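Read the figures in this text as sums done on the coordinates, not as results from a lab. Values in this document were obtained by computation on a predicted structure and should not be read as measured data. Backbone-built Cβ (ideal geometry, glycine too); neighbour counts: all protein chains shown.
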Amino acid sequence: MKHNQMRQVVFPILAAFIWGTSFVSQDICADSMGAFTFNGTRYFIAVLSLLVVIAVMNTTRKDRPQPTAEEKKASRKQLWLGGLCCGTALAVASNFQQAGLVAGTDAGKAGFITALYVVLVPLFGLFFRRKVSGPVWIAVVLSVVSLYLLCIKGGFSLAPGDLLVLVCAVCFAVHILLIDHFTARCDGVKLSCLQFLFAAIWSTILALIFDTIDFHVLWECILPLLYVGVFSCGVGYTLQILAQKDSNPTVVTILLSLESVFAVIAGAIILHQQMSLREYIGCALMFIAVVLAQVQFPAKKAKQLQ
């Protein structure tokens with residue numbers, strides 16, 4: 001029990017810290033390469049790092065009871081299906097996010113707009129006829145106001161980069177719902193590895209079509225690429241999957257939303273980025289919206305069980 005509680009609290013906080021600080025690396029790479037090239041490279045790095053982890057895990061599991069042939073077949077089918085679905089959603093989301101950074105959205109703002117996925121997840125539940133509580137609707141209103149303060153520049157125009165990151169938030173919400181579906185059926189580390197494989201394939205195909213790939217530039221950005229590949233992807237997303245498995249999604253998602261706070265802190269300390277008072281108010285409202293959207297889940301879940 002203590003081990004599970006540790007996993008459900010420490011893992012998402014570590015993931016949030018890694019993701020928040022990775023916006024700095026993404027921002028650095030955005031100045032040098034296309035979004036598809038960046039994501040294809042970091043996802044292949046993540047696959048390689050997780051293959052090492054899987055190899056080590058397999059050597060430590062030899063003494064465990066082996067599943068039957070039918071169980072292996074069913075598990076393998078779910079694993080590949082989950083990898084394809086999660087990887088495709090992740091590729092779309094991350095490429096929109098990186099495209100937003102390339103278009104000029106700074107690291108701190110991108111982190112907060114991305115956090116809107118936490119509000120969107122319960123909203124998507126409406127399509128499955130799940131009721132949304134009053135506090136969640138308040139969170140929706142607050143998130144819209146915060147997006148106005150963060151994104152609208154002089155009048156009612158949205159910066160192109162902000163819109164791209166907003167689309168990314170929608171795609172990440174879909175990604176979270178897919179993980180919730182497949183994490184109970186698949187090994188977490190293997191699912192993470194396969195989702196990166198498919199995300200890398202999609203991103204590389206798009207990079208070959210739309211980007212100009214310069215291997216000299218890739219080598220110059222090798223350190224931030226290694227950070228986002230090994231830590232943000234290989235470690236961060238795997239921690240998310242392991243944290244969501246057999247746990248309270250409300251607590252985990254609230255802790256994951258701290259990514260936004262870490263993103264602003266990292267952007268201010270490392271990149272010396274400045275945000276206006278208006279934008280800081282928007283960030284504060286976004287964080288409140290994230291919390292309000294999540295704290296009602298346990299009560300709602302309890303009512304459904306009754």
Ranked from fewest to most other Cβ atoms within 10 Å of their own Cβ, Ser25, Ser94, Ser276 fall in the order Ser276, Ser25, Ser94
May I ask you to evaluate 6.51 cos²θ - 1.76 cosθ + 1.60, the Karplus curve with θ = phi - 60°, for each residue of the stretch 30-40 and list the ³J(HN,Hα) values in order in whole Hz, giving x for glycine and proline?
4, 7, 10, 8, x, 4, 5, 4, 4, 6, x
Taking the number of other C-beta atoms within 10 Å as the exposure measure, put Lys109, Lys190, Lys72 in order starting with the fewest.
Lys72, Lys190, Lys109
